[in-house]
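The values are calculated or read from the model by the stated rules, or taken from the named source; none is laboratory data. As the structure is a prediction and not an experimental result, all values here were calculated from the model. Ideal geometry is used to build each Cβ from the backbone, glycine not excepted, and the neighbour counts take in all protein chains shown.
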Amino acid sequence: MHIVVCIKQVPDSAQIRVHPVTNTIMRQGVPAIVNPYDLFALEEALRLKDKFGGKVTVICMGPPQAEDALKKCISFGADDAVLVTDRSFAGADTLATSYALAAAVRQLGREQKVDIVFTGKQTIDGDTAQVGPGIAKRLGLQLLTYVSRIADLDLEHDSITVERRAEGGVQVLKTAVPCLITMLEGTNEMRFAPLENMIHAARYPVRKWNKEAAGIEDVTKIGLKGSPTVVSKVFGPTPRAEKALMQSVEDATPRDVALNVIQKIFTQHPTLERDILAKAAV
Amino acid sequence: MSEKFDVIVVGAGPSGNAAAYTAAKAGLSVLQIERGEYPGSKNVQGAILYANALEQIIPDFREDAPLERHIIEQRMWVLDEESFVGTHFRSDDYNKPPYNRYTIIRAQFDKWFSSKVKEAGALVICETTVESLILDGDQVVGVRCDRQGGEVFADVVILADGVNSTLARKAGFHGEIQAGNVALAVKEILFMPQETIEARFNIKEEEGVVIEMFGKITDGMMGTGFLYTNKDSITLGVGCMLSDFKENPNRTSPYTLLEKMKAHPSVAPLIAGGEMKEYCAHLIPEGGFYAVPKVHGNGWMIVGDSGGFVNAVHREGSNLAMTTGRLAAETAIAAKAAGKGFKAKQLASYKQALDESFVMKDLHKYRDMPQVFHQNNQFFTTYPELLNRAARSMITVDGIDKKTKEKEIFSNFRKSRSLTGLAGDALKLWRAFR
C-alpha cells in the first residue's frame with residue numbers, strides 16, 4: 001500500500017504580529033512549523049502503515065526551507081519525502097497549488113501506485129480547506145472530508161469505511177480506494193519519535209522536484225499566473241478601546257479589592273447591578 | 001541501534017554551536033542534541049554579539065548572519081529615583097567596517113548559526129533532552145536521551161547545556177548552583193517603528209546605541225539594567241544576583257524592577273509607544289573565576305554558561321561561550337588526530353588553552369569583583385544618590401555660591417559614608433578592577 005500525505009510548512013500563527021504602522025503581516029523571526037492539522041493526517045497514515053504495511057510518502061510544495069518540515073515528518077516515521085519547489089510556484093492560490101500538487105502525486109503514482117492521499121482539514125495560514133478537495137477532483141479520487149475515524153480498510157476489495165463529522169452528527173461513509181481523505185483535528189495523537197528516527201531524519205536527503213520533475217505541463221496553471229484569487233486587503237482587527245486596568249493591592253484585604261472591583265464594574269454597567277440584585281431577591 | 005559519533009554536543013546555544021561547527025568543519029562526525037523546538041527557541045541573552053569571537057569561527061559571518069545594528073554609542077548611566085548622571089561615548093570610528101559589536105535577536109541569530117552547523121556537516125536533532133551521561137567506569141562514552149532507544153555514543157561529549165547544566169551536576173562534575181553565583185535577569189523586547197528608534201536615539205539606519213544603567217533601579221541589589229536598540233525594536237532588561245532577590249527586604253520581584261525601570265523618567269520617554277513582543281527571564285552565571293568548575297575529564301568537556309564562563313563586569317558572555325566551544329572542539333580534533341584516546345590527560349589541553357586565552361585571563365583579573373560589589377551595596381544605593389544630588393546641586397542656578405555648594409556636597413558624602421568608608425570603598429574598587 002502506498003499512502004501520500006500532503007503537508008504544508010506554515011508560520012506559527014500563534015506568534016505572528018501585524019505591523020502597527022503598515023498593517024502587513026510580519027513573518028520575520030516567526031518560527032515555521034508543519035501545519036498542525038496535517039500532523040493528524042500523517043499520524044493516521046502511519047497508523048494504517050503500522051496495520052497494513054506499505055509506504056508513506058510525504059509531499060510538500062513550498063520554498064527550499066520547507067525541507068525542515070519534511071524532515072520532521074521523516075522523524076515521525078514517513079518513509080520518503082518530496083519537496084516540490086520552483087520559483088514559478090510563487091504566488092499560488094489554492095487552485096494553482098492543487099494543480100501542482102495533483103501533478104506531483106500523479107508523478108509519485110508512476111513510481112508506485114497511490115492508494116490513499118491524506119491532507120489536513122485545512123491550513124492555519126490560509127484556512128480555506130480547498131487544496132485537498134482540489135487535488136481529489138483533479139486526480140479523480142473519491143473525496144472524504146472532515147474524517148474523524150477510519151473504521152475499516154479492505155485492501156482486497158479496495159474499499160474504505162470512515163466516520164465523517166457532519167452538521168448535527170456523524171456520517172459513516174463507505175467508498176472505493178484510491179481516495180483522498182482530509183483528516184479532522186484531535187482525532188489522534190502524533191507519536192513521539194524514537195532517537196533512531198531523529199538521527200535518520202537529520203541525515204535524510206529530501207528529494208527536490210522542480211516543475212518539470214513534478215510533471216507539470218501547463219505553466220499557465222501554476223504560480224501567480226494560475227491564480228485567479230486576488231487579496232484585496234489585509235487588516236488587523238482594531239484593538240478594543242478599553243484596556244485592562246491594573247490595581248495596586250498593597251495593604252488591602254482580598255475582600256476590599258474584590259468589593260472595589262465590583263463597585264467599578266457596577267458604575268460602568270448600572271443595569272448589571274439591577275439585574276443581579278433582582279435575581280438575588282428571587 | 002547504538003550509533004557512535006566522534007563528538008556529541010549537548011545544547012545549541014553559542015557555545016554548543018561553536019563546538020559543533022568547529023568539529024564538523026574539521027571532518028569529525030558530530031551529533032548535536034537540542035532540547036528546544038528549534039535552536040534558539042529557548043535561548044536568552046541581552047543580546048550583544050561581539051564580532052571577534054565569531055570571526056574566529058566563521059570569518060565571513062557578516063555576509064548572511066541576521067544582525068540588527070552595529071553599536072556606535074555606549075551610554076553609562078548612574079540613576080537615582082528621578083535622574084541620572086552619565087557618560088556617553090560615541091565615535092564615528094565604530095562606523096568603519098568591520099564593525100566590532102552588534103545587537104542581535106537570539107531566536108533569529110541562533111537559527112542562522114545552527115544552519116551553518118548543519119552546512120558544516122553536523123547532525124542536529126531538536127526536541128530531544130539528554131537525561132544523563134553514559135559512563136563506562138569513569139569514562140564518559142555517550143548520552144542517554146528522553147526518546148525510545150535513546151542511547152547514543154561518542155568519543156567525546158561536550159556539555160553546552162547552559163547555566164543549570166543538570167547533566168554536569170547529575171554526573172557530579174560540579175555541585176548545585178549557588179544563589180550567590182547567578183544573576184536573574186528579565187528583559188522585554190518592545191516593538192517600535194524603525195524611524196522612531198532612529199529619531200529618538202539620534203542614529204542612522206543600522207547604527208545602534210547601548211545604555212548600561214546602575215544605581216537605584218536595582219533597589220539596593222547587586223545588578224545592572226540595560227537598553228539596546230535593535231532594527232525595529234528595543235530590548236530593555238534588568239538583572240540582579242539571585243541571592244539578593246532572596247534577601248531583599250522589600251521582596252522586590254524581577255518584574256517589578258523592570259516595571260519601575262520602564263517608568264523611570266529618564267527611560268520612559270525612550271520606550272514610549274513600544275509594543276511588547278517578547279518577555280523572557282534567564283539565569284546568568286556571574287560567580288566569576290572562583291565559580292568555574294572542573295572543565296574537563298575522561299571523555300567530557302564543559303563549555304559556555306555550563307562552565308560559568310561569563311565576564312559579569314564587562315557584560316560579556318556569548319563571546320566567552322563561543323570561544324570555549326571552539327577551544328573544546330579543537331581539543332577533540334587534536335585528540336582524535338593523536339589517536340591516544342580521550343581520557344582527561346588527552347583533553348587537558350582544553351584547560352590549558354582556556355588559561356592562555358582572554359577567557360580565564362579576564363575572569364582572573366576580576367576574580368574579586370563579585371565579592372566586593374555583593375558585600376557593599378552602597379555602590380548601588382548611596383553613591384548613585386550622592387552623585388545625582390551633587391550634579392543637581394552644581395547645575396541648578398539658585399543664587400547660592402558654588403563654594404557653599406561644594407561644601408554641602410562633601411558634607412553629604414561624609415554624612416552618608418565616613419571618610420574611612422569612602423577611602424575603603426575606593427580601595428576595594430581599585431583592587432577589584434586592578
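Annotations for the structure displayed:
- The range A:193-212, subset part of a loop (DSSP other than H, G, I, E, B) and in contact with a helix residue (DSSP H, G or I) (Cβ under 7 Å, 6 or more places away or on another chain), residue nearest to the other protein chains (Cβ to nearest Cβ): A:Ala193
- The set of residues from the range A:178-192 being away from chain B (no Cβ under 14 Å) and not charged (D, E, K, R) comprises A:Pro178, A:Cys179, A:Leu180, A:Ile181, A:Thr182, A:Met183, A:Leu184, A:Gly186, A:Thr187, A:Asn188.
- Odd one out for B:Leu190 among (1) within 14 Å of another protein chain (Cβ to nearest Cβ); (2) farther than 24 Å from B:Leu283 by Cα; (3) not small (Gly, Ala, Ser): (2)
- Elements of the type strands (runs of 3 or more DSSP E) sitting completely within the range B:87-194 and holding at least 3 residues that are touching a residue at least 12 places away in the same chain (Cβ under 8 Å) and closer than 30 Å to B:Lys345 by Cβ: these cover B:130-136, B:139-145, B:151-159.
- Options A:Thr175, A:Thr267: the member that is more than 14 Å from chain B (Cβ to nearest Cβ), part of a strand (DSSP E or B) and without any contact (Cβ under 8 Å) to a residue 40 or more places away in the chain: A:Thr175
- Selection status of B:His314, part of a loop (DSSP other than H, G, I, E, B) and under 14 Å from the mean Cα position of the chain (by Cα): yes
- The listed residue being modelled with pLDDT of 95 or more, farther than 19 Å from A:Ala201 by Cα and either of a type outside the set (A, V, I, L, M) or not assigned by TED's automatic domain parsing to the domain that holds A:Pro178 (or both), out of A:Thr94, A:Thr57, A:Thr85: A:Thr85
- Residue, farthest from the chain's Cα centre (by Cα), within the range B:167-190, restricted to residues that are of a type in the set (Lys, Arg) and at pLDDT below 90: B:Lys170
- Filtering the range B:1-29 to residues that are of a type in the set (Ser, Thr, Tyr) and either at pLDDT 95 or above or in contact with a Gly (Cβ under 6 Å, 6 or more places away or on another chain) (or both) leaves B:Ser15, B:Tyr21, B:Thr22, B:Ser29.
- Of the candidates B:Tyr99, B:Tyr50, the single residue that is away from every other protein chain (no Cβ under 14 Å), crowded, with 16+ Cβ neighbours inside 10 Å, over 30 Å from A:Asp68 (Cβ atoms) and among the hydroxyl-bearing types (Ser, Thr, Tyr) is B:Tyr99.
- Residues of the range A:58-83 satisfying the condition of being assigned to a strand (DSSP E or B) and out of contact with any Lys or Arg (no Cβ under 8 Å at 6 or more places or on another chain): A:Val58, A:Ile59
- Verdict on B:Pro59 being under 24 Å from B:Gly237 (Cβ atoms) and surrounded by fewer than 20 Cβ atoms within 10 Å (Cβ to Cβ): no
- Single condition B:Asp161 does not satisfy, out of (1) of a type in the set (Asp, Glu); (2) away from every other protein chain (no Cβ under 14 Å); (3) out of contact with any Leu (no Cβ under 7 Å at 6 or more places or on another chain): (3)
- Looking only at the range B:254-311, and only at residues there that are within 14 Å of chain A (Cβ to nearest Cβ) and of a type in the set (Ser, Thr, Tyr), the one that is nearest to the chain's Cα centre (by Cα): B:Tyr279
- Members of the range B:1-32 found to be among the hydroxyl-bearing types (Ser, Thr, Tyr) and under 21 Å from B:His282 (Cβ atoms), listed by number: B:Ser15
- Within the range B:33-57, the only residue that satisfies the criterion of being within 14 Å of B:Phe113 (Cα to Cα), of a type in the set (A, V, I, L, M) and in a loop (DSSP other than H, G, I, E, B) is B:Ile57.
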